[in-house]
Amino acid sequence: MKPSSGTDETQVIGLDAGRRWGVLAICCTSLFVVGLDTTIVNVALPTIGEGFRVGTRGLEWVVNAYTLVLASLLISSGAVADRFGRRRVFQIGLVVFGVASIACALAPSVGVLIVARIFQGVGGSMLSPVALAIVVNVMTDPKERAKAIGVWAAVFGLSMAAGPIVGGVLIESFGWRSVFWINVPVILAVLALTAAFVPESRAQQSRRLDLPGQLLLVILVGGAVALLIEGPRIGWFSAAATAGYVVVAAALVAFIRVESRKQEPLMDLALFRRRPFSSAVIGAVVVFVALNATLLLGTFYLQHSRGMSPALAGAITLPMAVAATVCAPLSGILVGRFGPRRPLLIAGSFTTLGGLCLVALDNNTAIPTLLAAYLFLGIGFGFSNAPITNTAVNGLPRSQAGLAGGITSSARQFGAALGVALAGGIIGGSAPVDVAQASRPGWILVAGCGLAVLAIALASRNSEEPNG
């Protein structure tokens with residue numbers, strides 16, 4: 001099947017303002033589902049563990065089976081969409097994600113659930129970067145695009161932060177399987193709206209698929225996170241772990257070698273020589289390490305140590321969801337006017353402050369302290385996504401928007417998987433009464449991620465023009 005080099009891009013550019021913002025709304029709805037599914041399962045983990053009699057490390061795979069596949073396939077999905085049609089790939093992703101969600105809801109065992117989550121990740125990989133590419137090609141004016149990315153970041157931040165709240169209510173009312181059933185009607189609605197309103201678009205000069213690079217990326221990302229999850233169980237210096245280190249190191253060397261020699265690589269390593277782009281990718285990783293470590297540590301602390309119901313535990317995180325939702329569009333405005341440096345400074349400062357609020361966590365920590373910490377973390381997460389996304393997207397031509405979306409989305413999901421693995425390793429095997437004290441290094445990690453974002457912001461130029 002040969003990709004068209006026709007006028008799809010021109011047709012997209014000719015859309016009126018109402019149609020453009022309608023397309024944004026449709027794409028944001030799919031983004032909300034993907035983002036929600038990344039975090040909503042966290043609040044269900046204790047209930048899933050009780051139902052299937054699975055420990056913390058098994059539950060980590062329920063989360064990371066999804067995020068690892070997302071991280072590994074996002075770049076290829078973006079490239080496939082650029083080549084064969086973004087709307088077409090987007091629709092296929094919706095169908096796969098919806099069917100996999102039904103399989104998750106019906107799973108009779110944790111093994112089946114993990115396999116279904118893998119297929120959810122396959123479908124999800126066709127949604128987030130492809131939807132972003134559709135939006136970028138619809139919003140051609142730099143200022144309008146900055147506003148759109150601000151909305152995009154707001155929806156993404158809301159979906160990630162709202163997961164514990166929505167999940168808590170659903171689990172209390174209908175059981176843990178409802179966190180997967182909820183996806184189905186939304187997916188059906190987005191499918192119908194996409195067919196009616198979203199125009200097809202392709203990159204006029206699309207890239208070839210890089211199957212060796214894709215395989216090596218799966219081994220590299222999956223192997224690294226698998227070692228972090230299973231390391232405490234098998235022993236960091238065991239024969240199995242040592243073999244894993246060798247495989248991951250070999251995959252890294254081979255990936256760099258293969259990608260540097262290909263004319264059209266899966267991941268153009270030369271992009272990382274561009275300081276703004278590489279900073280955006282690193283920032284995406286550390287922000288999502290912090291977010292997902294926060295969600296996992298908070299879930300087990302609130303439900304196990306404090307004995308809260310899923311709904312009440314979700315309510316404690318409400319300030320994070322509200323702050324992320326409010327601050328993300330403000331961040332988009334700041335990026336459009338002043339560039340990414342200022343919102344990154346705010347993001348780093350509040351993420352650090354939120355983590356520091358919880359480094360002395362115990363089983364009697366006052367509720368106002370918890371609420372304040374989640375508020376600060378929500379502000380940090382809310383201000384982080386717009387500058388990261390805008391910097392990465394504007395670092396490449398519009399025709400490669402799928403590549404930009406794929407790389408940054410992969411960085412986010414790798415950060416998510418890494419955050420879950422690190423947090424799970426920190427509290428894995430701890431008795432409920434000991435989770436608070438055991439989680440303290442995790443909150444130091446969250447604060448350290450905030451400091452890393454600050455360092456990225458401070459290392460950028462003192463005076464930045466708005467991107468675009």
Worksheet item: In Å and whole numbers, how far do the C-alpha atoms of region 103-248 stretch along each principal axis, longest first?
Response: 55, 48, 25
Worksheet, complete the sentence: Short to long, in 5 Å steps from zero, the percent of alpha-carbon pairs of region 31-124 per bin is 3, 14, 24, 25, 16, 9, 5, 3, 1, 0
Worksheet entry | Probe 1.4 Å, accessible area per residue of the chain, Å² | 37 Å²
Worksheet item: If you rank Arg208, Arg177 by how much accessible surface each has, with a 1.4 Å probe, what is the order from largest down?
Response: Arg208, Arg177
Worksheet item: Along region 246-259, what does the Karplus equation 6.51 cos²θ - 1.76 cosθ + 1.60 (θ = phi - 60°) give for ³J(HN,Hα), rounded to whole Hz, x for Gly and Pro?
Response: 5, 4, 5, 4, 5, 5, 5, 4, 5, 4, 4, 5, 5, 5
Item to complete: Express the C-alpha Rg of region 196-317 as a ratio against the empirical globular expectation 2.2 N^0.38 Å, rounded to two decimals.
Response: 1.49
Worksheet, complete the sentence: The Rg/Rh figure for region 116-185, Cα atoms and Kirkwood Rh, to two decimals is 1.09
Worksheet item: From the backbone phi of region 264-279, what are the Karplus-calculated ³J(HN,Hα) couplings (6.51 cos²θ - 1.76 cosθ + 1.60, θ = phi - 60°) in whole Hz, Gly and Pro given as x?
Response: 10, x, 4, 10, 6, 5, 5, 4, 6, 7, 7, 4, x, 5, 5, 5
Worksheet item: Under the Kirkwood approximation applied to all pairs of distinct alpha-carbon atoms, what is the hydrodynamic radius of the chain in Å?
Response: 21.9 Å
Worksheet item: How much net charge surrounds Ser305 when only the other residues with a Cβ under 11 Å from the Cβ of Ser305 are counted, with Lys and Arg +1 and Asp and Glu -1?
Response: -1
Discussion item. Tell me the angle of helix 110-125 to the major Cα principal axis of the chain, expressed in degrees between 0 and 90 and rounded to the nearest ten.
Written reply: 30 degrees
Worksheet item: From the phi of every residue in region 214-219, what ³J(HN,Hα) in whole Hz does the Karplus formula 6.51 cos²θ - 1.76 cosθ + 1.60 yield, where θ is phi - 60° and glycine or proline is x?
Response: 5, 4, 5, 5, 4, 5
Fill in: Rounded to 10°, Cα long-axis angle of helix 341-356 versus longest principal axis of the chain
10 degrees
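The values are calculated or read from the model by the stated rules, or taken from the named source; none is laboratory data. Here the structure is a predicted model, which is why all the values come from computation and not from measurement. Heads up, the Cβs are rebuilt from the backbone with ideal geometry, glycines too, and the neighbour counts pull from every protein chain shown. Protein only, heavy atoms only, side chains kept; ligands, DNA and RNA dropped before computing areas. Shrake-Rupley method; radii C 1.70, N 1.55, O 1.52, S 1.80 Å.
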